[in-house]
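The values are calculated or read from the model by the stated rules, or taken from the named source; none is laboratory data. As the structure is a computational prediction, the values presented were derived from the model and not from experiment. No Cβ is skipped: glycine too gets one built from the backbone with ideal geometry, and neighbour counts run over all protein chains shown. What goes into the accessible areas is simple: the full protein's heavy atoms, side chains included, and nothing from ligands, DNA or RNA. Shrake-Rupley method; radii C 1.70, N 1.55, O 1.52, S 1.80 Å.
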Amino acid sequence: MSGSASRARRLVALGTAVGAVACASQGIPPGGPPDLVPPVLLHVSPESGTVNVTPRAVAFVFDEVVSERPRGAQSLDGLVVISPSDGKPDVSWDRTRIVIRPRHGWHANTAYAVTILPGLADLRGNATKRALRTVFATGATIPTGVVAGAAFDWMAGKFAPMARVEATIGADTLLRYAIAADSLGRFSLGSLPAATFLVRAWMDLNNNGVRDVREPWDTVTLAVHDSARHDFYMFAHDTLGAHLATVALADSTAIRIKFDHGLRPTARLAVDQVSVTVAKDSSVIPVLRILTLAAYDSIAAINRAFAEDSILRADTTARGRQALATRDSLRLARARDSSAKLQIDSLRLLRDTVKREPPPVPARAVPATEFVVITAA
């Protein structure tokens, strides 16, 4: 009887323990709300605007552990830009801190801008979308010179996100002032002393922070006293001129030619620069004019539309009249849809209180690579 009572007490105790564990498990939520917020900067040392300071390092401190694998760069040092810099920065990771040192130490009486580019992520992959920066000086002042503008991929005719911009003074090519453009290709390289700078922008296609041979670039010399503005039109440079890549017939009197490089828009291809001969007897076929492929396609589209309209209007049968009416109805419907879309977009813009700056638009024409040669026969 005592043995049965002992077993009963053990079973009761075991059941009580299991119940306690079950209650405890129910009290702990299986998970929290998903973390969608990138690391938040708590403070940076030295603080921006500090003068007469020579720190051992610059430290950015965040509210959570940051990942050693950033987005858009091979490593953390690919996100760090020291301006001016005399080499690749020394970047170390310390969980919630990123510690940055110049390769050869801080120079005396120099203003520095230390930037962490967008792409710094937490352990869940949430990445920052804005650059983080501190500006300080080892001397008594921070100069206010600025070079600002936009960087364009000239061959593509659009802005170049995250293009790199560097500036050097005179023959001193070791100390480089540097910045990266934003997601719309805009840049502002600040804290520059009054001087004449050689400024270069390039498309850092492999995100290594160094201009490689085949990467598109552009350069300019600017005298900076207070502020200067310049837009860069980057393209791949080499020592070879443009050569014909392909030749094909566009129609019976048009020849489509393509170059391996784009030609400058200001250097138009003239009729006396192209000759067309018959291979059989070497007789010359006169060239009437030369159009860019875009201009030729535009004219061809207008001609096709005119021909189709003429054919439809010439057909006076019932079927022809029905086809013409259908075409006109479709045109009217497209016009109404376009007008309605414009009205909806206008209302959305009026209701949208967030200030959005439109992306920069290149002021130069895109270098053409394809042309159409119109012949007389």
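Below, the figures for the structure above:
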| item | result |
| --- | --- |
| Heavy-atom SASA rank of Leu205, Leu332, Leu41, Leu189 (probe 1.4 Å, accessible area, largest first) | Leu205, Leu332, Leu41, Leu189 |
| Cα→Cβ-extended label distance, 7 Å offset, between Leu244 and Ala305, nm | 3.3 |
| Overall form of the chain per C-alpha gyration tensor (a/c, 1.5; a/b vs b/c) | oblate |
| Folded to 0 to 90 degrees: helix 293-314 orientation relative to the chain principal axis, Cα | 60 |
| Accessible solvent surface per residue of the range 66-203, calculated while the other protein chains remain in place, 1.4 angstrom probe, Å² | 44 |
| Carbon and sulfur %, accessible surface of the chain computed with the full protein complex present, 1.4 Å | 57 |
| Helix axis angle, 318-351 relative to the chain longest principal axis, alpha carbon, degrees | 40 |
| Computed FRET value (nearest 0.05) for Asp272 with Thr196, which takes r as the C-beta separation and R₀ as 30 Å | 0.10 |
| Angle between the chain longest axis and helix 2-27 axis [Cα atoms, degrees, rounded to 10] | 40 |
| 1.4 Å probe accessible area per residue over the range 218-377, in Å² | 74 |
| Value of [θ]222 nm, deg cm²/dmol, for the chain, DSSP H segments ≥ 4, -39500 (n - 2.57) each, nearest 500 | -8000 deg cm²/dmol |
| Straight-distance crosslink candidates among lysines, where the alpha carbon sits under 24 Å from Lys341 and sequence neighbours closer than 8 are dropped | Lys355 |
| Alpha-carbon centroid distance for the pair the range 289-315 / the range 181-213, whole angstrom | 44 |
| Pairwise label distance in nanometres, Ala236 with Leu349, each label 7 Å out on the Cα-Cβ vector | 3.8 |
| Anchor Lys258: aspartates and glutamates whose Cα lies under 14 Å away (excluding residues fewer than 8 positions away in-chain) | Glu370 |
| Full-extension gain in nm, Arg336 to Val361, via 0.36 nm per residue minus C-alpha separation | 6.2 nm |
| Backbone N within the range 130-173 under 16 Å of label point (7 Å from Arg214 Cα along the Cβ vector) | none |
